[in-house]
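Please read the structure below before turning to the comments.
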Amino acid sequence: MSDLDEIQFLPEDDLPPEAPSGHRWKLLIVDDDSEVHRITRLILAGYRLEGRELEISSAYDSRQAREWLTANPDTAVVLLDVVMETEDAGLKLVKWIRDTWKNQMIRIILRTGQPGAAPEKEVIREYRINDYKAKTELTELKLYTSVTVAIRSYQDLKMLQRSEEGFHRIVTASGELFRNRSKEKFYTGVLLQLTSLMRLDEDSLILHADGIALQGRGKDFLVIAATGDFSPLAGKAFPLSEHEDLRPLVERCLEVKDSFFENHYFVSYFPAADGGENIILFRSSEELPSLEKEMIRVFSGNISIAFANLDLSEQIESTQREMIYTLGELVESRSRETGNHVRRVGSMVAWLGQKAGLDPREAELMALASPMHDIGKIGIPDEILNKPGLLSPKELDVMRQHAIIGYQILKTGGGILSFAASIARSHHEFWDGNGYPDGLSGEDIPIGARLTALCDVFDALFHTRKYKGPWDLEMIKDYFLENRGKQFDPRLHDLFFEDLSPVLEIMERWPD
């Protein structure tokens, strides 16, 4: 009598409670002999490894097996017969799993009652199986051992796969962070990428306190961005006295000035260049496994680098912004025009750019760069720049050089100055190609230059200049309509004039 014949049924009361399907190891029996299915189930009844039971399913030919595996790609082990509907049906199924379906994770234990039909050495050499057993040698202990070894191997491979996927997600997530150039978007990006990294339903928020506020009031924060259950707090003050559940975590973070895990929370500390302090609180719905924690630690290091770069970029941008307005006003004052002209043009460019569909950040950059459009006038002689009447053809040629001069001044600046260089060179190009200095036409003209050209001309006509008085609004509309599609981008023209109330508000805010 074989060991299989000595199998005893377990009393129903001794069977362990069923685990949810998502927490079981999936095993598929593929065999055309129903008795093999019955005996295998009896042997493996009550099997448990690392707290997870087996979910055993059956297929009686290779077609059923393919259908079941396709629907259950997370299967850990296949106990596979060689001879079923054909003498090599099992071997063909192995080929399908590895080569056609391309699943290298599933552990395949080949079982055969006719070893001569599939010699062990040949099968192991030619087919990517993980174990080979004759049915006569599969005692209860050997089957238990083979399944356990296969599951552990599957578990190790899945861990390697998860590590690889986690590394890929960290690289991708970090790249997204470095694209953000506003703090609010940066913080929101951190939360979204953390959630994506874990593939869980997390609640998280980001706290920010500048140095003065933190020291002066002690426990007051501002929520810059928030997700999940914390979403209603976004943009609001966050006094710790009203959040006793989070207070110990924040106070510990401020004390140690470092990142740590505690229960379901990840708390991370980032100092700001201006002396402020930034804290990320990330709450998961369950205790995070060690791999996820390690992924967060690595990602947190990248957050710190990205945040430092963002701070540096903001400082550079702030310096460039002040320089741009100062130089723009200097140029306008040299030509005996008000410095508020550049502020009005910048405000109109920001408004029209967003209306035209630009990303708010891009529209802001255009607005910051546009005040430098006439910086090249510093190279134009005073007698031409401030001539009260019309310029002669020769004088006009000299005046037109200001576009090239401005570009040469700004082209190596980087950041905002790169946008400013493009605008300075091309803000006198015409939609129909009759402008200067390069004779560009249509959408070949940079969008920042097209925006600035329209807003600059409108402001010049609306206000007094040394060579003219202010035009009334109807005269201005007629002029622009006449030059729509000639001098000006027709689409931007239509967007600008469909509602002038924001433009008139800008005129009132920055009067001459």
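The values are calculated or read from the model by the stated rules, or taken from the named source; none is laboratory data. Everything numeric in this text was worked out from a predicted model, so none of it was measured. Note: ideal-geometry Cβ built from the backbone for every residue, glycine included; neighbour counts use all protein chains shown. Quick note on the areas: whole protein, heavy atoms, side chains included, nothing else; ligands and nucleic acids left out. Shrake-Rupley method; radii C 1.70, N 1.55, O 1.52, S 1.80 Å.
In this calculation the C-beta distance from Glu255 to Ser418 is compared with R0 = 35 Å, giving a FRET efficiency of 0.25. Near Arg107, once Lys and Arg are set to +1 and Asp and Glu to -1 for all other residues with Cβ below 14 Å from its Cβ, the sum equals +4.
Hey, which of these cross-link pairs are over 19 Å Cα-Cα: Lys135/Lys158; Lys102/Lys158; Lys377/Lys411; Lys387/Lys468; Lys102/Lys142; Lys387/Lys486? Let's see the in-between values first.
Working: Lys135/Lys158 29 Å; Lys102/Lys158 15 Å; Lys377/Lys411 16 Å; Lys387/Lys468 12 Å; Lys102/Lys142 29 Å; Lys387/Lys486 27 Å.
Checking Cα-Cα distances, Lys135/Lys158; Lys102/Lys142; Lys387/Lys486 exceed 19 Å.
A cut-off under 11 angstrom between Cβ atoms defines the neighbours of Trp431, and their net charge, with Lys, Arg +1 and Asp, Glu -1, is -1. Rolling a 1.4 Å probe across all protein chains gives Thr70 an accessible area of roughly 80 Å². Of the whole protein surface, Arg38 contributes about 100 Å² of accessible area at a 1.4 Å probe radius.
Amide hydrogen proximity for Ala225: with H placed 1.01 Å from N in the peptide plane, the residues at 5 or more positions away or on another chain lying under 5 Å are Ile206, Gly235. Projected label points at Gln161 and Arg361, each 7 Å from Cα along the beta carbon direction, are separated by 3.5 nanometres. Net charge within 12 Å of Arg484 by Cβ-Cβ distance, Lys/Arg positive one each and Asp/Glu negative one each, not counting Arg484 itself? Net charge in that neighbourhood comes out at -2. Between Ser58 and Ile29, the built amide H atoms are under 5 Å apart, and every one of these is 5 or more places off in sequence or on another chain.
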